Every structure is written in C-alpha cells, then in structure tokens.
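Worksheet for the structure shown next.
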C-alpha cells in the first residue's frame, strides 16, 4: 500500500527558516519517540505559527517558531487542546480520556 503524505499550509516556493527548523524538530521527535504510528498529515498553521505532524492516534507533534517540540492532544468532549511535554504523557492523556468515555 503506497500512501503519500501531503504537506498543508506551507509556501511551497520557499519554506521560512523557522518553519523548516520546526519541521526538522518534529521529524526528529517522530523518529526518536514514535516511529511506528501512522502520519495523518504534516502542516503549518499560519494562525498559530505551529508546524505539526498529526498522527492517526490523535496526537500532534508540533513546534512554534523553531522552539522545542510539544505534543498536542484534543479533548473531543469539550474541544479544548492540551500540550504535553512528552509523547508518553500525550499517550497517557488519550488513554485516560478513552477510559472516561467507556
């Protein structure tokens, strides 16, 4: 199965320095801590300044302005977003969220 990943929100003529560095940090974090989870999409949110990798498990690896990565999870019950400092913390948040809805 060949599945392409499309990048959203970037200016394809030229990716800005901070966007490129942030994406590099996100890809490094994916390689170091995730690796096996499928990528849903890669993008840049021009409203927030975040470069992100959205994973199929509901976690986003993101970096704003080339800062260290954060792991973003959304609470689907209330729409709020929560930032975690590690991938393991984000997975734990989602596991707890899933237990609450069962």
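So here's what we get for this one:
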| item | result |
| --- | --- |
| Meets criteria (exposed (fewer than 13 other Cβ atoms within 10 Å of the Cβ), closer than 28 Å to residue 12 by Cβ and modelled with pLDDT under 90) for residue 79 | no |
| The range 80-102, residues that are in contact with a strand residue (DSSP E or B) (Cβ under 8 Å, 6 or more places away or on another chain) and closer than 17 Å to residue 35 by Cβ | 86, 87, 90, 91 |
| Check on residue 57, closer than 17 Å to residue 89 by Cβ and either loosely packed, with under 14 Cβ neighbours inside 10 Å or out of contact with any strand residue (DSSP E or B) (no Cβ under 6 Å at 6 or more places or on another chain) (or both) | yes |
| Selection from the range 60-79 of residues that are assigned to a loop (DSSP other than H, G, I, E, B), closer than 15 Å to residue 27 by Cα and in contact with a strand residue (DSSP E or B) (Cβ under 8 Å, 6 or more places away or on another chain) | 69 |
| Test: residue 48 is assigned to a loop (DSSP other than H, G, I, E, B) and touching a strand residue (DSSP E or B) at 6+ places or on another chain (Cβ under 9 Å) | yes |
| Subset of the range 1-26 [at pLDDT 90 or above and buried (at least 17 other Cβ atoms within 10 Å of the Cβ)] | 19, 22, 23, 25, 26 |
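The values are calculated or read from the model by the stated rules, or taken from the named source; none is laboratory data. Worth saying up front: this structure is predicted, and the values here are computed from it rather than measured. As a convention, Cβ positions derive from the backbone with ideal geometry for all residues, glycine included, and neighbour counts pool all protein chains shown.
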